Amino acid sequence: MDCIFCKIAAGEIPSATLYEDEDFRVILDLGPAARGHALILPKAHYADLCEIPEELAAKAMILAKKIVSAGRKALRCDGYNIVQNNGEAAGQTVFHFHIHVIPRYTGDNAGVTWTPGTLTEEDRQEITACMREALK
Ligand code: AMP
Ligand code: ZN
């Protein structure tokens with residue numbers, strides 16, 4: 001399979017690596033939303049959150065916590081966004097699971113946001129009913 005993140009995670013393509021262990025490589029994003037924007041890449045290939053095993057997903061979030069703690073000291077940022085896109089409709093462009101770890105600086109214009117809509121009464125009832133059923 002021709003997957004760029006598999007090659008980067010395996011070290012076959014050079015990257016700005018911040019951290020590496022047996023399961024993950026953490027690199028700087030080439031198109032950063034903000035200074036220090038990092039990507040957590042599992043070394044094994046999973047397309048998205050549905051495919052990645054629970055245990056590895058849990059490890060990935062623990063690693064995100066570690067990066068956030070380090071970044072708050074090293075980069076002197078004021079906050080962090082954790083972003084994880086699944087599917088083209090959600091903005092995923094590389095179909096190898098990854099977590100964006102994005103430092104935020106007071107007053108920066110990083111566009112990690114949305115315009116709030118309205119939760120209608122109909123949606124509230126319909127969505128809670130179908131999601132509760134699906135989550136059983
Ligand atoms: P997503 O849109 O969630 O799939 O994110 C893919 C991210 O990968 C984007 O933020 C890109 O800037 C980043 N990206 C793509 N290719 C590379 C690369 N070779 N090295 C580092 N980051 C990359
Ligand atoms: Zn891959």
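Quick rundown of the values:
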{"item": "Rounded tilt (10° steps) of 54-74 against the dominant C-alpha axis of the chain", "result": "60"}
{"item": "Sulfur and carbon atoms: percent of accessible area, segment 64-136 [1.4 Å]", "result": "54"}
{"item": "Label point at ASP78 placed 7 Å out along Cα→Cβ; residues across segment 10-49 whose backbone nitrogen lies under 18 Å", "result": "33-37"}
{"item": "Extension gain from GLU133 to ALA110, taking 0.36 nm per residue of separation minus the Cα-Cα distance", "result": "4.6 nm"}
{"item": "Per-selection Rg to Rh, segment 1-128 - Cα, Kirkwood hydrodynamic radius", "result": "1.02"}
{"item": "P(r) of segment 5-64 over all Cα-Cα pairs, binned every 10 Å from zero, in whole percent", "result": "22, 54, 23, 0"}
{"item": "Extension gain (nm, one decimal) between ASP48 and LYS65, 0.36 nm per residue minus Cα-Cα", "result": "4.2 nm"}
{"item": "THR120 paired with VAL94, simple spin-label distance in nm, labels 7 Å along Cα-to-beta-carbon", "result": "3.9"}
{"item": "Solvent-accessible area per residue, Å², over the chain with all protein chains present [probe radius 1.4 Å]", "result": "67"}
{"item": "Lysines whose Cα lies under 21 Å from that of LYS65, excluding same-chain neighbours fewer than 8 positions away", "result": "LYS43, LYS73"}
{"item": "Magnitude of the charge dipole, the chain, Cβ model with Lys/Arg +1 and Asp/Glu -1, debye to 20", "result": "740"}
{"item": "The chain: Cys lacking any partner C-beta under 4.7 angstrom", "result": "CYS50, CYS77, CYS130"}
{"item": "Principal-axis tilt of helix 121-134 within the chain, Cα atoms, nearest 10 degrees", "result": "60"}
{"item": "Mean separation of Cα contacts under 8 Å, 6 or more apart, over the residue count of the chain: relative contact order %", "result": "23"}
{"item": "Candidates ASP21, ASP123, ASP48, ranked by Gaussian network fluctuation over the chain, Cα under 10 Å, top entry", "result": "ASP123"}
{"item": "Cut-off of 10 Å, at most 15 other beta carbons, DSSP loop: longest stretch of the chain lacking such GluC sites (Glu not before Pro)", "result": "52-136"}
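The values are calculated or read from the model by the stated rules, or taken from the named source; none is laboratory data. The structure presented is a predicted model; accordingly, all values stated were derived computationally and were not measured. Please note: Cβ atoms are built from the backbone with ideal geometry, for glycine as well, and neighbour counts cover all protein chains shown. The protein model used for the area step is the full one, side chains on, heavy atoms only, and it has no ligands, DNA or RNA in it. Shrake-Rupley method; radii C 1.70, N 1.55, O 1.52, S 1.80 Å.
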